[in-house]
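Student: Handing you this structure, nothing more for now.
The values are calculated or read from the model by the stated rules, or taken from the named source; none is laboratory data. The structure presented is a predicted model; accordingly, all values stated were derived computationally and were not measured. Note: ideal-geometry Cβ built from the backbone for every residue, glycine included; neighbour counts use all protein chains shown. Each accessible area value is taken on the protein alone, full model and side chains, heavy atoms only, with ligands, DNA and RNA left out. Shrake-Rupley method; radii C 1.70, N 1.55, O 1.52, S 1.80 Å.
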Amino acid sequence: MAKIAFLLGPQFEDSEMQKPYDAIREAGHETVIIGLKAGERLEGKNKQASYTAERAIQDADPNEFDAVVIPGGSSPEQLRLNPHIQSFVQAMDKQGKPISAICHGPQILISAGLLKGRKLTCYPPLQDDVRNAGGTFEDKEVIVDRNLITSRTPKDEPAFIRETLKAVQSAGTVKA
């Protein structure tokens, strides 16, 4: 089975964390919630879900993980400028490991400089940011471009989860 990192900060979109997290765990994969500080309690913006960061980003080794999921909401905005967050996703991308980002999640990929020549989707108001970062925005429920899996909003969660699980399953199989 695969080991999946969830990059999480305060004010995440509740369902964009909860539904993929639960689906990945139900499929038998290991999950680790990574935040800026280990032990920090993180609450969703709708107060429907809360999680505790199990590890601080500076203590997270990308080589230990098979994939990373980045929920949306205000969480990515609070994480995107952290150099450890940026280097973590850069290392995951360089190794071709799955990176799933929904809604505002691609803000982290923008700040990490990972979008040049890539096709993705996100929360539609961010499309100019995607283009300015060298990416191609498409308004679709889910886009898979090599190792990047992206979706727009909570209504796209079923497609986002489906494609993330496919990629995670492949990542776990490759490792095994």
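Student: Starting from the Cα-Cα distance between Glu64 and Lys94, subtract it from 0.36 nm times their residue separation and give me the gain in nm to one decimal.
Tutor: Net length gain for the segment: 9.4 nm.
Student: Summing Lys, Arg as +1 and Asp, Glu as -1, what charge do residues with Cβ under 13 Å from the Cβ of Leu36 carry, Leu36 excluded?
Tutor: Around Leu36, the surrounding residues sum to 0.
Student: Once R0 is set to 25 Å, what does the formula 1/(1 + (r/R0)^6) return for the Cβ-Cβ distance between Arg41 and Glu77, expressed as a FRET efficiency to the nearest 0.05?
Tutor: It comes out at approximately 0.85.
Student: Hey, what did region 47-176 get for relative contact order, percent, Cα under 8 Å, at least 6 apart?
Tutor: 22 percent
Student: If every alpha-carbon in region 49-176 counts as one equal scatterer, what log10 I(q)/I(0) does Debye give at q = 0.09, 0.10, 0.13, 0.15 1/Å?
Tutor: Taking Cα atoms of region 49-176 as identical point scatterers yields -0.22, -0.28, -0.48, -0.65.
Student: Still on this structure, I have one more. Please report, in Å, the Rg and the Dmax of region 123-176, where both are computed over Cα atoms only.
Tutor: 12.8, 40
Student: How far apart, in nm, are the 7 Å Cα→Cβ label points at Ser87 and Glu26?
Tutor: It is 3.8 nm.
Student: I want the antiparallel fraction of DSSP beta bridges within region 54-175, as a percent rounded to 5.
Tutor: 30 percent
Student: Hey, which lysines would be in cross-link range of Lys97, C-alpha to C-alpha under 23 Å, not counting anything within fewer than 8 residues on its own chain?
Tutor: Lys3, Lys19, Lys116, Lys119, Lys140, Lys166, Lys175
Student: Hey, could you get me the Stokes-Einstein D for region 22-82, Kirkwood radius over alpha-carbon pairs, 4 °C and 1.567 mPa s, rounded to whole µm² s⁻¹?
Tutor: My calculation gives 102 µm²/s for D.
Student: Under 11 Å from the 7 Å Cα→Cβ point of Met1, by amide nitrogen: which residues of region 26-48?
Tutor: Only 26-31 pass the distance filter.
Student: Averaging sequence separations of C-alpha pairs under 8 Å and six or more residues apart, then dividing by the length of region 103-176, give the relative contact order as a whole percent.
Tutor: 26 percent
Student: Can you list residues whose amide H is under 5 Å from Gly72's amide H, if they're 5+ apart or on another chain and H is modeled 1.01 Å from N?
Tutor: Glu13, Ile102, His104, Gly105
Student: Now a separate question. Around Gly9, under 15 Å between beta carbons, what's the net of Lys plus Arg minus Asp minus Glu among the other residues?
Tutor: Every neighbour counted, the sum reads -2.
Student: Taking only protein heavy atoms into account and a 1.4 Å probe, give the accessible area per residue of region 87-176 in Å².
Tutor: The answer is 44 Å² per residue.
Student: Name the residue from Gly113, Ile33, Gln78 whose Cα lies farthest towards the positive end of the charge dipole of the chain, charges +1 on Cβ of Lys and Arg and -1 on Cβ of Asp and Glu.
Tutor: Gly113
Student: How much of the accessible area of the chain, probe 1.4 Å, is carbon plus sulfur, in whole percent?
Tutor: 46 percent
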